[in-house]
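The values are calculated or read from the model by the stated rules, or taken from the named source; none is laboratory data. Because the structure is a prediction, the values reported are computed rather than measured. Cβ placement follows ideal geometry from the backbone for every residue including glycine, while neighbour counts extend to all protein chains displayed. Accessible surface is based on the protein model in full, side chains and every heavy atom, while ligands, DNA and RNA are left aside. Shrake-Rupley method; radii C 1.70, N 1.55, O 1.52, S 1.80 Å.
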Amino acid sequence: MKKAIALVLAGMTAFSLAACGSSSGSTAASGAATTTAAAASTEGAPAASTEAAAASTEAAAAVSTEAGSAAVDLSGSKYLSDGVLTVALNSTFPPFEYVGDGTDDFKAITANPTNATGFDVAMVNEIGTRLGVKVEIADMDFDGIIPALGTKADVAATGMTITDERKEAVNFSDPYYDATQSVLVKSDSTVATLDDLKKCTSVGCQLGTTGETVANDNGLKVNSVKSFNQAVLDLENGKNDAVVIDQIPGEAFTKQYSDLKLIDGSEFNFDVEQYGIAMPKDDEVMLNAINSTLADMKSDGTYDKLLEQYINNYEAE
Ligand code: ARG
C-alpha cells in the first residue's frame with residue numbers, strides 16, 4: 001500500500017495535494033484503503049441499530065405531552081391565529097431533521113404528513129401541542145427557507161444558526177442549542193489542520209449555511225450543493241475531499257457511513273454558534289409564545305428528554 005501511494009504521489013504534478021488525503025488526484029490509493037475500512041467497520045451494525053430503535057421508541061412514549069401551565073392567547077398572532085404552525089426545515093440534517101424509514105412509531109412522524117423526524121421536529125411538535133395549534137412540516141432547500149418565512153412557512157426549526165446577517169431579515173427565538181462547524185473526511189484522509197484543508201481541491205458545503213460562509217472566509221475551494229446528503233455522497237464517491245458541517249450532524253453521518261471520520265472544529269479555530277427558531281419579524285405574539293413555551297420545556301425537563309431521545313440516542317437508519 002505504501003508503495004502504491006508513493007507511486008501515485010510521484011506521478012502527480014501538484015504535490016501540494018498530498019496533505020489532502022482523499023483528494024481525487026489519488027483515487028487509486030485511497031479507493032483501496034477505503035474498501036478495507038468499510039468492510040471492517042460494517043460488522044455488527046444491523047443488530048446494534050435495531051436494539052437502539054426499539055429503545056428509543058419506548059422513550060418516545062414516555063415523553064410527556066402535557067400542555068404548559070400558562071395558556072397563551074394567540075388571537076393577536078398574525079401567523080398562528082389560524083390554529084396552524086407551519087414549520088420549514090431541510091431534512092438532510094440528522095439528528096435534528098432527517099427522513100425516517102417510515103416504520104418508526106415516533107409521535108413526531110405520525111403527527112406530520114411527511115416522514116421528517118428528529119430533534120427539531122419533536123421540539124416543534126411539543127411547542128404546537130402546548131400552544132394548541134396543529135403543526136405542519138414544509139421540507140425544502142435550506143437556502144430557500146428564510147425567503148419562505150411569512151409566506152410558505154410560519155417558522156423555521158432546522159438547526160439554523162443565529163447570525164447578525166440573518167437577524168436583519170428574521171426574528172430568532174432564544175437560543176436552544178450550541179454548535180460548531182467541523183470537518184468530515186474519509187477515515188484514511190491525512191487532513192488535520194486548516195492548511196491541509198486549504199490544499200483540498202473540493203470542500204463540500206450546503207448552500208446558504210454558516211459552514212459555507214466559514215469555508216469561504218477561510219479561502220477553501222468550496223463545492224456547495226443543495227443538501228448535506230449530496231455533499232456527503234460526493235465525499236463518499238471521491239468528488240469531495242472534505243465536508244464542512246455542524247458537529248452533531250457530522251457525527252450522525254459517521255454513524256451512517258463507517259468509512260468517514262469527523263475532525264473537531266477546534267482544530268480549525270471555528271467559532272461556537274447557537275441555533276434558534278427563525279420567524280418573520282412582524283409577529284411579536286408568536287415570538288413571545290414560542291420563547292415562553294421553550295422556557296417551560298426547559299424548566300420542566302421535557303427539553304432534556306427530547307435531547308436524550310433524539311440526539312444522545314441517535315442511531316443511523
Ligand atoms: N447551522 C448551519 C446554519 O445555520 C447549518 C444548518 C443546516 N440545516 C439543515 N437543516 N440543513 O447555516
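Observations, loosely collected:
- Heavy-atom accessible area per residue - the range 141-276, 1.4 Å, Å²: 39 Å²
- Using bins of 10 Å that start at zero, the share of Cα-Cα pairs per bin across the range 110-266 amounts to 10, 37, 33, 17, 4, 0, in whole %.
- Given their separation in residues at 0.36 nm each and the Cα-Cα distance between them, ASN288 and GLN256 gain 7.8 nm when the chain is fully extended.
- If you bin all the Cα-Cα distances of the range 198-253 at 10 Å, starting from zero, the percentages per bin are 28, 60, 11.
- Couplings for the range 244-249, taken from phi via the Karplus curve 6.51 cos²θ - 1.76 cosθ + 1.60 with θ = phi - 60°, read 8, 8, 4, 3, 5, x Hz in order; Gly and Pro are left as x.
- Here's how it looks for LYS134: its modeled amide H is under 5 Å from those of VAL84, LEU85, which are all 5 or more places away or on a different chain.
- Amide H to amide H distances under 5 Å link VAL72 with no residue, where only residues 5 or more positions off or on other chains count and H is placed in the peptide plane.
- In this structure, the amide hydrogen of TYR177, modeled 1.01 Å from its nitrogen in the peptide plane, lies closer than 5 angstrom to those of TYR275, counting only residues at least 5 positions away or on a different chain.
- Taking a quarter of the surface of the Cα convex hull of the range 201-317 gives a mean projected area of 9.2 nm².
- TYR257 - accessible surface, heavy atoms, 1.4 Å probe, Å² rounded to 10: 50 Å²
- Largest to smallest accessible area among THR92, THR193 [probe 1.4 Å]: THR193, THR92
- Taking only Cα atoms of the range 250-292, radius of gyration then Dmax in Å: 17.5, 47
- Approximate spin-label separation ASN313-THR190, in nm, with each point projected 7 Å along Cα-to-Cβ: 4.3 nm
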